[in-house]
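To keep things clear, I will list the structure first and then write my remarks on it.
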Amino acid sequence: MIMILLPITANAFLLRVGLKNGVSGIVVSATSYFDLIDMHTNQVILTTYGWRNYKIDVENGGLAVEGVGTFQGPIILAPISNAFGKVDNKAYRGKLEISRTNNARIMVVNIIDIEEYLYGVVGSEMSSSFPLEALKAQAIIARTFALAGLKKHQDKGYNLCSTTCCQAYNGALAESLIITTAVDQTQSLVLSYGGNLAKTYYHSCCGGKTAPFVWKGQGEPYLQSKSCPFCNHLRNSSYSWTQRISFYELQKAFGTDKITSISINAQDESGRAKTILICQVSGNTTIDANKFRSTMGYTRVKSTLFTMDNDGQGVVLNGNGYGHGVGLCQWGARGMAEAGYTFKEILGFYYPGVCLQKIAFEKKMRGRQDE
């Protein structure tokens, strides 16, 4: 891998991560002393110790802090010293911004340094039991993924959300020494291709072969289908799986007539199903394989890399892998790390041809990151 410098301007140290949007009320506290600041007046409205919980609701067009008063807001929960702010008993680094939405509900945004954000992401997306080199690879692709998606939720007032719509983010709960070490030892490193941030998709287990990336007819040369001999791990229960689904369940799920059989109609180059053919008494229906998977449940149909065997009353899926299959296979990364590969070699295997770059952040005195 080639190492070059990629400068990114703007207040890029800080992210706005949406934690809650549209809730009726929250409870805030901290692990130690903290301030509550009304940003409308820029006044500290409360300084207190973290053991005390404060309920915040929408009331009379403002934010009502139980036992304190009602304020126009937004309200910032700013931990003092090394404390973590808490919302609904879940701890986060950085600051918490509480605001009132247009429909008189509450939104909570975590304002946090990107590296500290990654402490909560890497431990949420990959097990801390995985080797350090695998976790370092995960930290780099998570950082790249975050920076590439800064505008994803800008219409809502934040950059990224805390779910797998962006990346799973469980705050301080997901942290451990090996996780913070992986992030710290790869600080500011990202992947790029052609001068732009790479599309660093990843998934739990490819089942022996990664999937090609195709979006609106366009692919990426570094996201092609390839064999992966590293994810067939003794502890990986998702490398192969079996699931039976009755025709009755399918009829209810897809609103079809009586089903007589179901089969794979088309596959991609990795062997994953692209479309599914449902044969009914009244005729045939073709559905997208990803829709089939999402409708039946991602934990039940773990991937689209499966075969179908009809048994007269239903279908038996014999599958491999967990997730969409594009990009880095996390169980494969574990296997590679255990075999002695470095994080650079792991990334080079799953994203061939990309460059490893160090982001040079340039501070700008600006408002929100997403402006």
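The values are calculated or read from the model by the stated rules, or taken from the named source; none is laboratory data. Quantities reported herein were computed from a predicted structural model and do not represent experimental measurements. Methodologically, a virtual Cβ is constructed for each residue, glycine included, from the backbone with ideal geometry; neighbour enumeration extends over all protein chains shown.
Scanning segment 201-256 for residues that are of a type in the set (A, V, I, L, M, F, W, C) and in a loop (DSSP other than H, G, I, E, B) gives Cys206, Phe213, Leu223, Cys228, Phe230, Cys231, Leu234. Of the residues making up segment 159-181, those that are out of contact with any helix residue (DSSP H, G or I) (no Cβ under 8 Å at 6 or more places or on another chain) and either free of Cβ contacts under 8 Å to residues at least 40 places away in the same chain or farther than 16 Å from Val109 by Cβ (or both) number 4. The sole residue among Ile264, Ile278 that is more than 23 Å from Cys206 (Cβ to Cβ), of a type outside the set (Phe, Trp, Tyr) and without any contact (Cβ under 8 Å) to a residue 60 or more places away in the chain is Ile278.
Return a yes/no flag: does segment 309-316 have any residue that is surrounded by 16 or more Cβ atoms within 10 Å (Cβ to Cβ) and touching a His at 6+ places or on another chain (Cβ under 9 Å). No, segment 309-316 has no match at all. Restricting Lys86, Lys55 to those that are of a type in the set (D, E, K, R) and either under 30 Å from Ala146 (Cα atoms) or touching a Leu at 6+ places or on another chain (Cβ under 6 Å) (or both) reduces the list to Lys86. Residues in segment 246-275 that are on the phi > 0 side of the Ramachandran plot and modelled with pLDDT under 95: Gly255 alone. Within segment 313-321, can one find any residue that is modelled with pLDDT of 95 or more and more than 18 Å from Ser263 (Cα to Cα)? For segment 313-321, residues modelled with pLDDT of 95 or more and more than 18 Å from Ser263 (Cα to Cα): present. Among the residues in segment 250-261, are any closer than 30 Å to Tyr341 by Cβ and among the hydrophobic types (A, V, I, L, M, F, W, C)? Checking segment 250-261: not a single residue is closer than 30 Å to Tyr341 by Cβ and among the hydrophobic types (A, V, I, L, M, F, W, C).
Conditions (1) crowded, with 21+ Cβ neighbours inside 10 Å; (2) over 27 Å from the mean Cα position of the chain (by Cα); (3) outside the structural domain of Ala146 (by TED's automatic domain parsing), marked per residue:
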{"position": "Gly61", "(1), (2), (3)": "no, yes, yes"}
{"position": "Val65", "(1), (2), (3)": "yes, yes, yes"}
{"position": "Leu77", "(1), (2), (3)": "yes, no, yes"}
{"position": "Ala83", "(1), (2), (3)": "no, no, yes"}
{"position": "Ala91", "(1), (2), (3)": "no, no, yes"}
{"position": "Lys95", "(1), (2), (3)": "no, no, yes"}
{"position": "Asn110", "(1), (2), (3)": "yes, no, yes"}
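When segment 203-218 is filtered for residues that are under 25 Å from Ala168 (Cα atoms) and either hydroxyl-bearing (Ser, Thr, Tyr) or out of contact with any helix residue (DSSP H, G or I) (no Cβ under 8 Å at 6 or more places or on another chain) (or both), the ones remaining, listed by number, are Ser204, Gly207, Gly208, Lys209, Thr210, Ala211, Pro212, Phe213, Val214, Trp215.
Taken together, Lys156, Lys199 contain a single residue that is farther than 22 Å from His324 by Cβ, touching a residue at least 60 places away in the same chain (Cβ under 8 Å) and surrounded by fewer than 24 Cβ atoms within 10 Å (Cβ to Cβ), which is Lys156.
Based on this model, can you work out whether Val87 counts as of a type in the set (A, V, I, L, M, F, W, C) and closer than 19 Å to Lys156 by Cβ?
Answer is yes for this residue.
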